[in-house]
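Notes follow the structure.
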Amino acid sequence: MLHVSSVPFLTFNRKEWSSLQEKVSLTLSSREILNLRGINDNLSMNEVIEIYLPLSRLLNLYICSHIKRQNTLKQFLSIQNQHIPYIIGIVGGVAAGKSTTAKVLQALLSRWTEHRVVELVTTDGFLYSNKVLEKRHLMKKKGFPQSYDMTSLVNFVSKVKSGVQSMTIPVYSHIIYDIIPNVQQVIYKPDILILEGLNVLQTNHDYHHNLPCVFVSDFIDFSIYVDAPEYLLQEWYINRFLKFCYTTFSYPDSYFYRYTQLSKKNITSIASQLWTKINRLNLQENILPTRERANLILKKDVNHIINNIQLRK
């Protein structure tokens, strides 16, 4: 196996990265930023200004370049109506804050002067249903590569990159911990598609059965890995699980409703076991090995503060 001794990344501290925003104006209000926060993420105005504004500027430059290349191809082929979205992939471990990053970028990119249509899709919608997972004895491997319908996911991103104008995809609910029956998300002519999930950068090394000949990452134009030390991910996962037990999980139809009747000590113990036996294992075996494949790595510290950014040259 080939081992690369050094990965070609440029590294920025927070101050250096913030200086790259080039006076880009913030288009989000304090209330909107508050609404974008995850249940366990302390997203602040400073975080948006110093980290996400420069990132949105970089992405906008890449997207403009992508559109110019598409126009060149249209001119060469004499095609008038071809519409190929730009796909941004966001990956990272459970509880890293992928969803918050995705939502912030969706809000910022949709408010550039071009007023582009930005759709957000999570790969959770391509998990096999609990019924299928139980039949295949994979409930304890939920989130692992084999728990996803990769054929459907690859077909979806392939169609997006083929210029298919309208598609429907399944929707996943963290409340029922399953695909929602008879509910679909409609994707219609996006200019930008943000694809968020654990498995966005995985390749054939991660799939042991029914290997696809192409992978999701083949269709990604720019990828972001949301990174944090493992001990922080564990802490955030347990804290998030506790908060869910006092909010979302408290609904009687929630898959985890039975845990809400337990003491905080017992809930913490269960969350710790779930982390160790499932999420930590998945992180180490399948997610973390894809980190260096990303175009950009956001490295988090305590309280989800991003203090280090690595950008592929």
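The values are calculated or read from the model by the stated rules, or taken from the named source; none is laboratory data. Predicted, not measured: the structure shown is a model, and the values here were computed from it. In this analysis, Cβ positions are derived from the backbone assuming ideal geometry, glycine residues included, and neighbour counts consider all displayed protein chains. Side chains included, ligands, DNA and RNA excluded: accessible areas come from the protein's heavy atoms. Shrake-Rupley method; radii C 1.70, N 1.55, O 1.52, S 1.80 Å.
So, in region 49-103, exactly how many residues are without any contact (Cβ under 8 Å) to a residue 60 or more places away in the chain and among the basic types (Lys, Arg)?
4
On the basis of being open to solvent by less than 50 Å² (accessible area, probe 1.4 Å) and not in a helix (DSSP H, G or I), does residue 311 make the cut?
yes
Give me a count of the residues in region 71-121 that are aromatic (Phe, Trp, Tyr) and in contact with a His (Cβ under 6 Å, 6 or more places away or on another chain).
1
Among the residues in region 25-40, are any of a type in the set (S, T, N, Q), within 30 Å of residue 284 (Cβ to Cβ) and in contact (Cβ under 8 Å) with a residue 12 or more places away in the chain?
Yes: one or more hits.
Being more than 23 Å from residue 307 (Cα to Cα), open to solvent by less than 80 Å² (accessible area, probe 1.4 Å) and modelled with pLDDT of 90 or more: is that true of residue 286 here?
Against the criterion (more than 23 Å from residue 307 (Cα to Cα), open to solvent by less than 80 Å² (accessible area, probe 1.4 Å) and modelled with pLDDT of 90 or more), residue 286 qualifies.
Is it the case that some residue within region 196-208 is over 23 Å from residue 48 (Cα atoms), in a loop (DSSP other than H, G, I, E, B) and open to solvent by 70 Å² or more (accessible area, probe 1.4 Å)?
Yes, the conditions are met somewhere in region 196-208.
With respect to residue 297, determine if the residue is in a helix (DSSP H, G or I), open to solvent by less than 20 Å² (accessible area, probe 1.4 Å), in contact (Cβ under 8 Å) with a residue 40 or more places away in the chain and not aromatic (Phe, Trp, Tyr).
Taking the combined requirement at face value, the residue does not satisfy it.
For region 98-133, enumerate the residues that are of a type in the set (Gly, Ala, Ser) and closer than 22 Å to residue 157 by Cβ.
Hits for region 98-133 are 99, 102, 110, 125, 129.
Mind checking which helices (runs of 4 or more DSSP H) fall wholly inside region 1-119 and carry at least 1 residues that are among the β-branched types (Val, Ile, Thr) and under 18 Å from residue 191 (Cα atoms)?
It comes to 53-77, 98-109.
Pick from region 216-237 the residues that are over 27 Å from residue 275 (Cα atoms) and of a type outside the set (Val, Ile, Thr): which of them is most open to solvent (accessible area, probe 1.4 Å)?
Among those that are over 27 Å from residue 275 (Cα atoms) and of a type outside the set (Val, Ile, Thr), it is 218.
When residues of region 137-154 are filtered for being free of Cβ contacts under 8 Å to residues at least 60 places away in the same chain and either in contact with a helix residue (DSSP H, G or I) (Cβ under 8 Å, 6 or more places away or on another chain) or closer than 16 Å to residue 196 by Cα (or both), how many remain?
Going through region 137-154 one residue at a time, the tally reaches 6.
Can you work out which of the residues in region 101-124 that are open to solvent by less than 10 Å² (accessible area, probe 1.4 Å) and among the β-branched types (Val, Ile, Thr) is nearest to residue 296 (Cα to Cα)?
Across region 101-124, the extreme among qualifying residues is 101.
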